[in-house]
């Protein structure tokens with residue numbers, strides 16, 4: 001079944017994150033936020049992220065987040081250049097998967113993945129690894145051949161000059177403020193990535209190396225993305241793992257987006273209404289553009305922190321301020 005083949009890795013990422021943490025972590029939070037912010041284009045065949053919504057979703061996430069992520073918290077305050085350029089954002093690759101699953105053209109995937117990486121980090125290794133991993137997953141979904149050669153071609157043709165010119169405005173911090181030479185670091189990491197594609201060991205690009213081990217040597221995979229490659233490679237679509245129906249519905253939603261079965265008009269938020277959720281009292285019902293119809297079921301103050309539990313269509317949120 002095509003639907004199952006395409007979305008099973010997404011379901012697996014939800015399952016693995018929830019299993020490891022005994023509940024959803026910030027990884028699941030950001031995958032859900034990414035899915036909620038995806039919008040089919042009205043002008044051409046592509047699915048893009050609506051960054052107005054994405055920004056507002058992240059601002060709200062600050063108060064209900066499960067776990068910490070320095071890169072994401074960094075962009076919500078005074079941005080630390082050191083964190084932006086150097087920190088490894090562990091949500092990047094899970095966020096990448098919904099973009100890959102909803103688009104059939106790699107050029108669109110590449111552009112959207114780059115913009116989404118730069119949303120939270122300017123780390124060059126992460127950028128290059130995300131480009132190659134997204135292409136690997138795309139090629140597997142499309143059942144392409146000569147995948148390693150195509151990945152090599154991708155990295156060889158990745159022009160630093162063209163990259164900077166096209167994505168300059170997507171960086172949170174001007175490239176001119178990069179500590180050291182962005183150009184030299186970019187070219188160095190291209191060489192490191194190419195060496196890995198030529199099957200040379202490196203201490204960097206661990207996720208890429210794991211994914212390639214799965215692809216080339218039928219390994220089971222150690223990283224989440226490596227395990228997704230394993231599913232696409234070996235057809236382990238009947239693997240038994242149970243997840244909440246909510247996450248299965250998100251997978252179905254992405255598949256319908258991929259097939260062009262969802263009208264963009266139905267997803268548009270014409271005017272944002274974003275009230276402060278902490279202003280409401282127990283029993284109050286209110287509307288919020290991101291939460292939709294909501295009801296406060298409990299409100300309390302513990303250790304000088306206000307905690308409010310809000311029931312929404314997608315579940316109960318615990319907000320803390």
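Values in this text are rule-based calculations from the coordinates and carry no lab data. Values in this document were obtained by computation on a predicted structure and should not be read as measured data. FYI the Cβ positions are ideal-geometry reconstructions off the backbone, even for glycines, and counts take in every protein chain you see.
Fully extended, how many nm does the chain gain between residue 301 and residue 234 (0.36 nm per residue separation, minus their Cα-Cα distance)?
That works out to 19.0 nm of additional length.
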Problem set entry | Exposure proxy order (Cβ contacts within 10 Å, fewest to most) of 25, 70 | 70, 25
Exercise. Once you put a point 7 Å from the Cα of residue 105 and another 7 Å from the Cα of residue 199, both along the Cβ direction, what distance in nm separates them?
Worked result: 3.6
Exercise. How far is the Cα center of the range 280-321 from the Cα center of the range 130-182, in Å?
Worked result: 41
For this session: Compute from the Cα atoms of the range 1-76 the Rg and the Dmax, the latter being the longest Cα-Cα distance, and quote both in angstrom.
Result: 14.4, 42
Problem set entry | residue 166 paired with residue 23, simple spin-label distance in nm, labels 7 Å along Cα-to-beta-carbon | 4.2
Problem set entry | Cα-based helix-to-principal-axis angle, 2-21 vs the chain, degrees rounded to 10 | 70
Exercise. Ratio of the range 156-214's C-alpha Rg to 2.2 N^0.38 Å, to two decimals?
Worked result: 1.31
For this session: Arrange 306, 96, 1 by Cβ neighbour counts within 10 Å, fewest through most, would you?
Result: 1, 306, 96
For this session: Please give the helix 245-258 orientation as an angle from the longest Cα principal axis of the chain, in degrees from 0 to 90, rounded to the nearest 10.
Result: 50
Problem set entry | Residue exposure sequence - 298, 36 - by fewest surrounding Cβ within 10 Å | 298, 36
Seminar exercise, completed: the range 26-61 scanned against label point 7 Å out from residue 274 along Cα→C-beta; backbone N under 19 Å for 29-39, 49-61
For this session: Choose one answer from 65, 258, 168: the residue with the largest mean-square fluctuation in a GNM of the chain with alpha-carbon springs under 10 Å.
Result: 168
For this session: Throw me the Rg/Rh for the range 89-232, computed over C-alpha atoms with Kirkwood Rh, two decimals.
Result: 0.94
Exercise. What does the helix-only formula give at 222 nm for the chain: each DSSP H stretch with n ≥ 4 adding -39500 (n - 2.57), the total divided by the residues, and the result rounded to the nearest 500 deg cm²/dmol?
Worked result: -16500 deg cm²/dmol
Exercise. So for the pair residue 175, residue 286, with labels modelled 7 Å out along Cα→Cβ, what separation do we get in nm?
Worked result: 4.3
Exercise. Once the Cα atoms of helix 224-234 and of the chain are each reduced to a long axis, what angle between those two axes, in degrees from 0 to 90 to the nearest 10, is obtained?
Worked result: 60
